[in-house]
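The values are calculated or read from the model by the stated rules, or taken from the named source; none is laboratory data. For clarity, every value in this text was computed on a predicted model and none was experimentally measured. Cβ: placed from backbone, ideal geometry, glycine included. Neighbour counts: every protein chain shown.
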Amino acid sequence: MRIESFLQQSPVFQISRAARRIEAALNQTLGEEELTFFESLVLTAVFFEKKGVKPSALADAFETTRGNVSHCVSSLEAKGLVKRRIDPNDARALQIALLPAGRKRAVRVAAILDRMQRRFEEGMGTAELDGMLGLMHAVEELCSGLAVTANWKRQKKSF
(Lines give C-alpha, C1' and ligand atoms only; values in the text may rest on other atoms or scores of the structure.)
Protein backbone atom coordinates (compact mmCIF):
# COMPACT_ATOMS: atom_id res chain seq x y z
CA MET A 1 0.00 0.00 0.00
CA ARG A 2 1.11 3.54 -0.61
CA ILE A 3 0.75 4.57 3.00
CA GLU A 4 3.30 2.00 4.23
CA SER A 5 6.34 4.24 3.75
CA PHE A 6 4.61 7.01 5.71
CA LEU A 7 3.73 4.57 8.50
CA GLN A 8 7.31 3.31 8.68
CA GLN A 9 8.55 6.87 9.25
CA SER A 10 5.77 8.00 11.62
CA PRO A 11 6.86 7.99 15.28
CA VAL A 12 3.23 8.22 16.38
CA PHE A 13 2.20 5.19 14.34
CA GLN A 14 5.28 3.19 15.34
CA ILE A 15 4.71 3.90 19.05
CA SER A 16 1.04 2.98 18.71
CA ARG A 17 1.89 -0.24 16.84
CA ALA A 18 4.56 -1.15 19.36
CA ALA A 19 2.18 -0.47 22.25
CA ARG A 20 -0.45 -2.81 20.78
CA ARG A 21 2.11 -5.56 20.15
CA ILE A 22 3.73 -5.14 23.56
CA GLU A 23 0.39 -5.24 25.36
CA ALA A 24 -0.60 -8.39 23.44
CA ALA A 25 2.70 -10.04 24.41
CA LEU A 26 2.29 -8.97 28.04
CA ASN A 27 -1.27 -10.31 28.12
CA GLN A 28 0.05 -13.62 26.79
CA THR A 29 2.85 -13.64 29.39
CA LEU A 30 0.34 -12.96 32.15
CA GLY A 31 -2.14 -15.47 30.75
CA GLU A 32 -1.08 -18.15 33.24
CA GLU A 33 -2.31 -15.80 35.98
CA GLU A 34 -5.57 -15.30 34.06
CA LEU A 35 -5.10 -11.54 34.14
CA THR A 36 -4.69 -8.84 31.53
CA PHE A 37 -1.76 -6.45 31.75
CA PHE A 38 -3.99 -3.67 33.10
CA GLU A 39 -5.57 -6.00 35.68
CA SER A 40 -2.06 -6.98 36.75
CA LEU A 41 -1.04 -3.34 37.17
CA VAL A 42 -4.16 -2.54 39.20
CA LEU A 43 -3.74 -5.64 41.37
CA THR A 44 -0.08 -4.79 42.00
CA ALA A 45 -0.90 -1.16 42.81
CA VAL A 46 -3.52 -2.23 45.37
CA PHE A 47 -1.00 -4.69 46.83
CA PHE A 48 1.57 -1.94 47.42
CA GLU A 49 -1.00 0.34 49.08
CA LYS A 50 -1.39 -1.23 52.52
CA LYS A 51 -4.73 0.40 53.42
CA GLY A 52 -6.51 0.06 50.09
CA VAL A 53 -6.73 2.60 47.31
CA LYS A 54 -9.44 4.78 45.79
CA PRO A 55 -10.36 4.08 42.18
CA SER A 56 -9.79 7.74 41.31
CA ALA A 57 -6.19 7.46 42.55
CA LEU A 58 -5.68 4.44 40.28
CA ALA A 59 -7.15 6.35 37.33
CA ASP A 60 -4.76 9.24 38.02
CA ALA A 61 -1.74 6.97 38.45
CA PHE A 62 -2.42 5.06 35.22
CA GLU A 63 -3.61 8.14 33.32
CA THR A 64 -6.86 6.48 32.31
CA THR A 65 -10.54 7.03 32.95
CA ARG A 66 -12.40 6.08 36.09
CA GLY A 67 -14.62 3.97 33.83
CA ASN A 68 -11.63 1.87 32.71
CA VAL A 69 -10.62 1.39 36.33
CA SER A 70 -14.19 0.50 37.30
CA HIS A 71 -14.42 -2.18 34.58
CA CYS A 72 -11.05 -3.57 35.63
CA VAL A 73 -12.03 -3.65 39.31
CA SER A 74 -15.32 -5.36 38.42
CA SER A 75 -13.36 -8.05 36.58
CA LEU A 76 -10.96 -8.48 39.51
CA GLU A 77 -13.95 -8.70 41.88
CA ALA A 78 -15.56 -11.38 39.72
CA LYS A 79 -12.31 -13.34 39.94
CA GLY A 80 -12.41 -13.10 43.75
CA LEU A 81 -9.22 -11.04 44.00
CA VAL A 82 -10.40 -7.65 45.30
CA LYS A 83 -13.39 -6.09 46.99
CA ARG A 84 -14.79 -2.59 47.10
CA ARG A 85 -15.44 -1.15 50.52
CA ILE A 86 -16.55 2.18 51.90
CA ASP A 87 -13.63 4.45 52.73
CA PRO A 88 -13.46 4.70 56.54
CA ASN A 89 -12.39 8.36 56.26
CA ASP A 90 -15.04 9.39 53.72
CA ALA A 91 -18.33 7.47 53.54
CA ARG A 92 -18.96 8.96 50.07
CA ALA A 93 -15.89 7.24 48.62
CA LEU A 94 -14.87 3.67 47.93
CA GLN A 95 -11.59 1.89 48.39
CA ILE A 96 -10.30 -1.20 46.66
CA ALA A 97 -8.84 -3.84 48.97
CA LEU A 98 -7.21 -7.18 48.26
CA LEU A 99 -8.80 -10.45 49.27
CA PRO A 100 -6.47 -13.27 50.37
CA ALA A 101 -6.49 -14.83 46.88
CA GLY A 102 -5.72 -11.40 45.43
CA ARG A 103 -2.76 -10.95 47.74
CA LYS A 104 -1.26 -14.27 46.60
CA ARG A 105 -1.87 -13.47 42.95
CA ALA A 106 -0.44 -9.94 43.37
CA VAL A 107 2.81 -11.36 44.75
CA ARG A 108 3.15 -13.65 41.73
CA VAL A 109 2.28 -10.87 39.30
CA ALA A 110 4.71 -8.42 40.92
CA ALA A 111 7.44 -11.05 40.51
CA ILE A 112 6.56 -11.49 36.81
CA LEU A 113 6.63 -7.70 36.24
CA ASP A 114 9.95 -7.45 38.08
CA ARG A 115 11.48 -10.23 35.95
CA MET A 116 10.27 -8.48 32.82
CA GLN A 117 11.89 -5.21 33.93
CA ARG A 118 15.19 -6.97 34.65
CA ARG A 119 15.07 -8.65 31.25
CA PHE A 120 14.56 -5.28 29.54
CA GLU A 121 17.49 -3.82 31.46
CA GLU A 122 19.73 -6.78 30.66
CA GLY A 123 18.68 -6.93 27.02
CA MET A 124 18.88 -3.22 26.24
CA GLY A 125 20.89 -1.66 29.03
CA THR A 126 19.65 0.80 31.62
CA ALA A 127 21.02 3.88 29.84
CA GLU A 128 19.40 2.84 26.54
CA LEU A 129 16.07 2.24 28.27
CA ASP A 130 16.26 5.67 29.90
CA GLY A 131 17.07 7.24 26.54
CA MET A 132 14.19 5.46 24.85
CA LEU A 133 11.77 6.58 27.57
CA GLY A 134 13.02 10.15 27.19
CA LEU A 135 12.39 10.04 23.45
CA MET A 136 8.93 8.58 23.97
CA HIS A 137 8.09 11.38 26.41
CA ALA A 138 9.35 13.94 23.89
CA VAL A 139 7.07 12.51 21.17
CA GLU A 140 4.18 12.49 23.65
CA GLU A 141 4.80 16.16 24.51
CA LEU A 142 4.97 17.11 20.83
CA CYS A 143 1.67 15.33 20.18
CA SER A 144 0.08 17.08 23.16
CA GLY A 145 1.28 20.38 21.76
CA LEU A 146 -0.28 19.56 18.40
CA ALA A 147 -3.58 18.78 20.10
CA VAL A 148 -3.51 22.07 22.01
CA THR A 149 -2.76 23.97 18.79
CA ALA A 150 -5.60 22.19 16.98
CA ASN A 151 -8.04 23.04 19.78
CA TRP A 152 -6.92 26.66 19.77
CA LYS A 153 -7.46 26.91 16.00
CA ARG A 154 -10.96 25.39 16.31
CA GLN A 155 -11.85 27.85 19.07
CA LYS A 156 -10.47 30.75 17.05
CA LYS A 157 -12.69 29.80 14.08
CA SER A 158 -15.80 29.79 16.27
CA PHE A 159 -15.35 33.49 17.17
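The figures follow:
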{"quantity": "Among (1) farther than 20 Å from Phe38 by Cα; (2) at pLDDT 90 or above - the single one Phe159 does not satisfy", "calculated": "(2)"}
{"quantity": "Some residue of region 11-33 being within 30 Å of Asn89 (Cβ to Cβ) and in contact with a Lys or Arg (Cβ under 8 Å, 6 or more places away or on another chain)", "calculated": "no"}
{"quantity": "Criterion (at pLDDT below 95 and touching a helix residue (DSSP H, G or I) at 6+ places or on another chain (Cβ under 7 Å)) met by exactly one of Arg92, Arg66", "calculated": "Arg66"}
{"quantity": "Residue in region 113-125 that is within 14 Å of Thr44 (Cα to Cα) and acidic (Asp, Glu) present", "calculated": "yes"}
{"quantity": "Given (1) over 21 Å from Ser16 (Cβ atoms); (2) under 19 Å from the mean Cα position of the chain (by Cα); (3) in the same structural domain as Glu34 (by TED's automatic domain parsing), index of the condition Phe120 fails", "calculated": "(1)"}
{"quantity": "Qualifying position, being in the same structural domain as Ala24 (by TED's automatic domain parsing), of a type outside the set (Val, Ile, Thr), under 22 Å from Arg21 (Cα atoms) and exposed (fewer than 15 other Cβ atoms within 10 Å of the Cβ), among Glu63, Glu140, Glu39", "calculated": "Glu63"}
